[in-house]
Structures are given as C-alpha cells and as structure tokens.
Amino acid sequence: MQPQPQTEPVPVLEIRGLTQNFGGLRAVSDFNVELGKNQLTGLIGPNGAGKTTVFNLVSGFYQPSEGMIQVGGVPTAELKPHKISALGVARTFQNIRLWNDMSVMDNIRVAQHYRLGYGFFHSAVRSKRYRRREEEITREATELLDIFELKKYADEYPRNLPYGTQRKLEIARALSIHPKLLLLDEPAAGLNSSDIRELIRLIRWIHGQFDVTIWMIEHHMDVMMELCTHIKVIDFGQTIAEGVPDEIRNHPAVITAYLGDDKI
C-alpha cells in the first residue's frame, strides 16, 4: 500500500499581495500574512499606518484594490461582512460598538442571528423549532456571560457599564459566534493600568480556553510584548519588520517609525 501524502493544514487566514487604494492614497501596499490555528499574533505601527484598514479588509468592510484574502481556504474578496462572519471571523473595534439600547443579554444573543436555523414563518407562529433555538441561544448567552463575570449585568444597558466592562462585553459578544479568527482592534484603548492588566489576563485566558486564533492591533507595547508570539509592523501601508517581540523591540526601522530619525 502506498503511503498517503502529507497535506499541510489550511491556514486560518492567508493574505497575499493585499493592496488598498483610496483615490490617490495607497493605505496598504503588498501586505502578506499567514495565521495558523490557535496563534496569538500582533500588528503594530504608528497612527495612520494602515492597521485598521487591514482589519476592515479582512472583515469585509472594504473590498481590496488588489490581492487575495482567504479564511480557512475560502476566498473572501467578494463577500459581504455577514458572510465572512459566518466563516468564523469576529472582531472588536477601537471605538467600542455595542447596541446601547439593548440589554447586555440581548447584545450577546443578537450576535448569533446568522445561525438561527429558522425563518420568518417559524418566528411568526412561534413554532417548536423557533422555541428550541431561542432556548439554546439564551442558554449559550447565559453561559458566556457567566464565564466573563457579566451575568449580574444581563438586564443592564451597556452604556451604563464601566468602560472596562464594556470592553469585556464586546469581546464576549465576538466570541459568541464561535469564531476561528478573533480580530482585536486596540482592546486596551481608553483603559487604565488596572484594566489593562485585567485585559492581558483575559486575552491570555481566552487564548488558552477557546479554540481561536487571535490577531490584535495595539498601541500599548507592553500588552503586545507580553501576549504575542509574533509581531508584524507596518508604516505608511508597508511592512517594515516582523518577528518575535524581542526582535521587534530593538529593530531600527521600528524605532525610527515610532520615534523618528535620530538625526532630526
């Protein structure tokens, strides 16, 4: 019997030659990355470097000018955000985006709309399928709130919660869709030092407990250096460095991008 050829695992995310133009401005240029299962990696760069643009392209908010994006081997360039979400991509935002006129519980529940498994008819007549799925969704949401120590806020509106708790809720909501890839866009933005330490603990715990690849943008270098095993650096849309945290910390191009040319 002939031995079966070994097949390489399909990357959770693969990007090749990604370029994004906005009129005459090139925001991202020939960007490449490959993320495997359960990795925790970082994307950094000065303000305006193109980091959030990359996340917007991956999650379908922008359509790339050039290049390829694949999630689990599926090309996503022509897909709408909800279709990409259904492939297992979830994200948080630099500026927290919660539904402030819905309860904390409903913020978690509504994120699961794409996998309801029933249509308008079942909803209108309150069919058995509708009741069963609603019970399952509520049970999952309750378990998630319990895990994130948010259960006591289940009936509260997010706008009434402390800022750090809102951050935690946004991450919990993202995880409610059972993502393969979790994009965290500056999760420490606006947090105090105590909340940042709690965030580091939370992200490390999520990475250990959930079957998810985490890719994060962050300006707090202590967060990135402590959490990430690999970091990619971009400036003016171009990759200028990548490697393990110690390599990035001492890379001349990275130091120049953040602090400027020492001759100036």
Hey, can you tell me all the residues within the range 54-91 that are modelled with pLDDT under 95, surrounded by fewer than 16 Cβ atoms within 10 Å (Cβ to Cβ) and not in a loop (DSSP other than H, G, I, E, B)? 81, 82, 83, 86
Residue count, the range 186-230 (criterion: crowded, with 21+ Cβ neighbours inside 10 Å, hydrophobic (A, V, I, L, M, F, W, C) and under 30 Å from residue 24 (Cβ atoms)): 2
I'm told residue 23 meets every condition in (1) touching an Asp or Glu at 6+ places or on another chain (Cβ under 8 Å); (2) loosely packed, with under 14 Cβ neighbours inside 10 Å except one. Can you identify the failing condition by its number? (1)
Picking from 206, 214, 240, which residue would you name as being of a type outside the set (D, E, K, R), in contact with a helix residue (DSSP H, G or I) (Cβ under 9 Å, 6 or more places away or on another chain) and part of a helix (DSSP H, G or I)? 206
If a residue must be touching a strand residue (DSSP E or B) at 6+ places or on another chain (Cβ under 7 Å) and of a type in the set (Asp, Glu), how many such residues does the range 162-194 contain? 2
Which one is modelled with the lowest pLDDT among residues in the range 99-114 that are surrounded by 13 or more Cβ atoms within 10 Å (Cβ to Cβ) and in a helix (DSSP H, G or I)? 110
Taking the range 184-228 and keeping only residues that are under 23 Å from residue 137 (Cα atoms) and under 12 Å from the mean Cα position of the chain (by Cα), one is left with 212
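The values are calculated or read from the model by the stated rules, or taken from the named source; none is laboratory data. Just so it is clear, the structure is predicted and the values come from calculations on it, not from any experiment. Positions of Cβ are generated from backbone atoms using ideal geometry, with glycine treated the same way; all protein chains shown enter the neighbour counts.
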